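Input: a single structure, listed below in structure tokens.
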Amino acid sequence: SQQGEEDPQALSIQEGENATMNCSYKTSINNLQWYRQNSGRGLVHLILIRSNEREKHSGRLRVTLDTSKKSSSLLITASRAADTASYFCATDAGGYQKVTFGTGTKLQVIP
Amino acid sequence: DVKVTQSSRYLVKRTGEKVFLECVQDMDHENMFWYRQDPGLGLRLIYFSYDVKMKEKGDIPEGYSVSREKKERFSLILESASTNQTSMYLCASSPPGRRGDTQYFGPGTRLTVL
């Protein structure tokens, strides 16, 4: 079963605006990761947040984690056309080195 | 720079054919994974390997097998391809250590079974 579920499924914004996408999960986790996938390509790791962390930044990315609500959000500030991609959250769902990916949020940034 | 390569970007096969998808990583990673990605279903784990000659079933292993004879290479085998195996296949690797750590992905192989 899916551990992470992203919301919304699709998001369309103008360049320069902020984009927020959310991930909810079902069971306790050790960490949560966000990945980006450009159309027809492999996934690229963006950021990892551990269960004892509440917020993490990397460049224009800000990730929050609320373990009491079993949810995380990814904020991309000052979006660019090059941010157009699908974004996935991934949680460690138990088992050696396994993670479970959600179904993704498809972001379109309009120039 | 980290690199995971997959043998083909696009592959077209016929029903019943035996299909080999190859994945090679140059990071000396112990862990390697095979996923398939389908619209609306996200990534689903087929098999993974945490050492040479070791393999573990993922969530959807039926119809697939794997081979890991060398540390850098992890092969996915479709013994008798079927149309429902048409999908995007993604290989990934990760270092040992903490559970659920960063995975590095290859570019993917889009397989079509006719």
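Laboratory data are not the source of any read-out in this text; all were calculated from the coordinates shown. These numbers come from a predicted model, not from an experiment. We place every Cβ from the backbone using ideal geometry, glycine too, and count neighbours over all the protein chains shown.
Give me, ordered by chain and number, the residues 5 or more places off B:R110 or on other chains with an amide H under 5 Å from its own placed amide H.
B:Y10, B:L11, B:Y89
Which of the aspartates and glutamates could a cross-linker bridge to A:K106, judged by Cα under 12 Å and excluding same-chain residues fewer than eight apart?
A:E6, A:D7, A:D83
How big is the Cα convex hull of segment A:6-111 in projection, averaged over all directions, in nm²?
Averaging across all directions leaves 6.4 nm² for the Cα convex hull.
Do the alpha carbons of any pairs in B:K18/B:K53; B:K3/B:K70; A:K98/B:K55; B:K3/B:K71; A:K98/B:K13 sit beyond 18 Å of each other, and which pairs?
Beyond 18 Å: B:K18/B:K53; A:K98/B:K13.
Given Cβ point charges of +1 (Lys, Arg) and -1 (Asp, Glu) and nothing else, what value in debye, to the nearest 20, does the dipole of chain A about its Cα centre take?
Approximately 220 debye in magnitude.
Among B:E30, B:E62, B:E22, whose mean-square fluctuation peaks in a Gaussian network model of chain B (Cα, cutoff 10 Å)?
Looking only at B:E30, B:E62, B:E22, the largest GNM fluctuation is found for B:E62.
Fewest to most neighbouring Cβ within 10 Å: what's the order for A:T64, B:T15?
Ranking A:T64, B:T15 by Cβ neighbours within 10 Å, fewest first, gives B:T15, A:T64.
Residue by residue, what Karplus-based ³J(HN,Hα) values in Hz, rounded to whole numbers, does segment B:77-91 have, using 6.51, -1.76 and 1.60 with θ = phi - 60° and x for Gly and Pro?
10, 9, 4, 8, 4, 10, 4, 6, 9, 5, 5, 9, 10, 10, 9
Tell me which residues come under 5 Å, amide H to amide H, from A:T103 once H is placed; ignore anything under 5 positions away on its chain.
When sequence neighbours closer than 5 places are left aside, the close amide H contacts are A:E6.
Taking the C-alpha atoms of the protein assembly as shown, how large are the radius of gyration and the largest Cα-Cα span, Dmax, in Å?
17.4, 50
Tabulate in residue order the Karplus-calculated ³J(HN,Hα) for segment A:57-64, using 6.51 cos²θ - 1.76 cosθ + 1.60 with θ = phi - 60°, rounded to whole Hz; enter x for Gly and Pro.
Residue by residue, segment A:57-64 yields 10, 8, x, 8, 9, 9, 10, 10 Hz.
Which one, B:S7, B:Y47, B:L78, is farthest towards the positive end of the dipole of the protein assembly as shown when Lys and Arg carry +1 and Asp and Glu -1 on their Cβ?
Most positive-ward Cα: B:L78.
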